[in-house]
1. Name the single residue, out of those in segment 93-117 being of a type in the set (G, A, S) and within 17 Å of the chain's Cα centre (by Cα), that is nearest to H147 (Cα to Cα).
2. Considering only residues of segment 1-40 that are in contact with a Leu (Cβ under 7 Å, 6 or more places away or on another chain) and of a type outside the set (A, V, I, L, M, F, W, C), which is nearest to G125 (Cα to Cα)?
3. Looking at (1) in a strand (DSSP E or B); (2) farther than 24 Å from V93 by Cβ, which one does A328 not meet, given that it meets all the others?
4. Could you check, for segment 86-94, whether at least one of its residues is surrounded by 14 or more Cβ atoms within 10 Å (Cβ to Cβ), in contact with a Lys or Arg (Cβ under 9 Å, 6 or more places away or on another chain) and in contact (Cβ under 8 Å) with a residue 40 or more places away in the chain?
5. One residue is enough: does segment 114-131 have a residue meeting the conditions surrounded by fewer than 20 Cβ atoms within 10 Å (Cβ to Cβ), modelled with pLDDT under 95 and closer than 25 Å to T58 by Cβ?
6. When you go through (1) at pLDDT 95 or above; (2) more than 30 Å from F51 (Cα to Cα) one by one for W259, which number turns out not to apply?
7. Counting just the residues of segment 60-80 that are in a helix (DSSP H, G or I), touching a residue at least 60 places away in the same chain (Cβ under 8 Å) and in contact with a helix residue (DSSP H, G or I) (Cβ under 8 Å, 6 or more places away or on another chain), which one comes out surrounded by the most Cβ atoms within 10 Å (Cβ to Cβ)?
8. For residues that are in contact with a helix residue (DSSP H, G or I) (Cβ under 8 Å, 6 or more places away or on another chain) and of a type in the set (F, W, Y), scanning just segment 81-129, find the one that is nearest to G141 (Cα to Cα).
Amino acid sequence: MLTRPAGLSDELLAATLRAGWGLAPVAASYQPVGFGSHHWDVTASAGTRWFVTVDKLTTRLRTAGDTRDAACRRLQAALRTARALAGAGASFVVAPAQTLGGDVLARIGGEYAVAVYPFVAGCSGKWGGALTAQDRQSVLGVLVQVHAAPAAIRDGAGRDDFVLTGADDLRGALADLARDWDSGPFAEPARRLLARHARDLEAMLARRDHLADQARSRSGRLVLTHGEPHPGNFMRVGQRWMLIDWDTVLVAPPERDLWSLDPGDGSILASYRALTGREIVPAAIGLYRQTWILADIASCVARFRREHTGTEDDQEEWKILRSSLARASLWSE
């Protein structure tokens, strides 16, 4: 996230790092990178350098009935799986450090979850960045190894239930377009923009529900997936590719990791089929592409229906909302 969490002081974070990991920070700087979690670059008294992530658990709620404790358990399962994969010899995994109690997270009250990673010096991309054909094949090789994780590791991860995160909020917003929204500077512009795309979104939600039902009937082809293997979550360290941000790990169809990597010509899908012997299901590619677009729209709309003030993060979400609605319109056509 581009802005710091309002309710988390440096002193409270430092106390959490001391109690949870035995780290005594001597320097900590907030890093406005990525989108979703908050990040700090921390140097400890022993001279070691760490990358600290803090997740606001309310941003990880998936449905109207979800809880922060359930969101924390999902995050915990994902990060434990990353540690298990690294422990099994997957050198491309940037896994979280264990707490003094042997876990991967520490809670700050009911609101935040903290994870600590070794600082990795490398070159990373960003979401939407370009990859060369050679880079795509190298990245695919990493994903093939993730998908080959044995049952002993898979069994600790959550399983994709094909529920669209934020669908309740999005459907609620679509039913609430007749009145003005007054929760902040982007509220009314978001309502008007959503109204222009309402028909496309309703059709897209219905199609996505149908594809999710189809995916549930194909339960025999599930693998361990990273969930977001875009250029922003890969780092090149020397000649090696490292995969970061394991908070979205799930057991799911392989298309969950493949839809965004293929450049549109089928080359990556063909390579994956040749490397693994697994057939690609086009409907599952469509499911995850639509899921990504709709989840982004739902998250942005929910943000603008809450009280907001126009921060840098609000401005970034406004850009995401506009581009996601444009993609939804193209998909509908």
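1. For segment 93-117, the residue satisfying everything is A95.
2. Only one residue tops the list, namely P32.
3. (1)
4. For segment 86-94, residues surrounded by 14 or more Cβ atoms within 10 Å (Cβ to Cβ), in contact with a Lys or Arg (Cβ under 9 Å, 6 or more places away or on another chain) and in contact (Cβ under 8 Å) with a residue 40 or more places away in the chain: present.
5. yes
6. (2)
7. Among those residues, the one meeting the criterion is L75.
8. That would be F92.
The values are calculated or read from the model by the stated rules, or taken from the named source; none is laboratory data. Worth saying up front: this structure is predicted, and the values here are computed from it rather than measured. Please note: Cβ atoms are built from the backbone with ideal geometry, for glycine as well, and neighbour counts cover all protein chains shown.
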